[in-house]
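Working notes, beginning with the structure itself.
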Amino acid sequence: MSIVQLPSTRSYWNLNLNHRLVSEVMSCNRWEDIKRFLHFNSNIYMIPSGNPGNDKLYKIRPLLNKLRERLLKVPKEEYLAIDEQIIPTKARSSLKQYNPKKPP
């Protein structure tokens, strides 16, 4: 779904636009059930946006914490090389960071 982008998720099961790689794996109803019931954090304690203490990644924070915890357990090599690649995008995200030194 991230490679072939259609206007809505239901379009992947549309008979005219049928994408076999998606529609043969699971039904549209099953996909929507998984999306609806998959939660990593309770919405009860979520602080609404605009209020102090709001976490934009609140809903997936437990997953991120667990992933970070596991990645910190990976043994480190003696020599580490960190390469950061800046990829141009026109996507709109409030998580992006302004970098005045990025290459044109």
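Count neighbours as other Cβ atoms within 10 Å of each site's Cβ, and list the chymotrypsin sites (Phe, Trp or Tyr not before Pro) in the range 4-79 that are DSSP loop with at most 14 such neighbours.
PHE40, TYR79
Can you give the charge dipole size of the chain about its Cα centre, rounded to the nearest 20 debye, using +1 on the beta carbon of Lys and Arg and -1 on the beta carbon of Asp and Glu?
280 debye
Say R0 is 41 Å: what FRET efficiency, to the nearest 0.05, do LEU21 and LYS56 get from their beta-carbon distance?
Given R0 = 41 Å and the Cβ-Cβ separation, E is 0.80.
How large is ³J(HN,Hα), in whole Hz, for each residue of the range 19-33 in order, when computed from phi with the Karplus curve 6.51 cos²θ - 1.76 cosθ + 1.60 and θ = phi - 60°, using x for Gly and Pro?
Each residue of the range 19-33 in turn: 10, 4, 4, 9, 5, 7, 6, 7, 7, 5, 5, 5, 4, 5, 5 Hz.
Find me the longest stretch of the chain that has none of the exposed trypsin sites (Lys or Arg not before Pro), where exposed means in a DSSP loop (not H, G, I, E or B) with at most 16 other Cβ atoms within 10 Å.
Here the longest segment lacking exposed loop sites spans 1-55.
In whole Å, what three semi-axes, largest first, describe the equivalent ellipsoid of the chain built from its Cα gyration tensor (square root of 5 times each eigenvalue)?
31, 23, 19
What's the local net charge at ASN41, with K and R +1, D and E -1, over the other residues with C-beta under 12 Å away?
Value of the local net charge: +2.
Tell me the net charge near LYS59. Cut-off is 15 Å between Cβ atoms, LYS59 excluded, with +1 for each Lys or Arg and -1 for each Asp or Glu.
Spelling it out: positives minus negatives among the neighbours equals +4.
Of the options SER8, VAL22, LEU38, report the single residue whose Cα projects farthest towards the positive end of the charge dipole of the chain (beta-carbon charges: Lys, Arg +1; Asp, Glu -1).
Positive-most Cα among the choices belongs to SER8.
Starting from the 7 Å offset along Cα-to-Cβ, what nm value, one decimal, do you get for the label separation of ASN43 and GLU77?
Each label point lies 7 Å from its Cα, and together they span 4.5 nm.
Only the coordinates and a few stated rules stand behind these numbers; no lab work does. Note that the structure is predicted; figures quoted are calculated from it, not measured. Every residue, glycine as well, gets a Cβ built from its backbone with ideal geometry; the counts of neighbours run over all protein chains shown.
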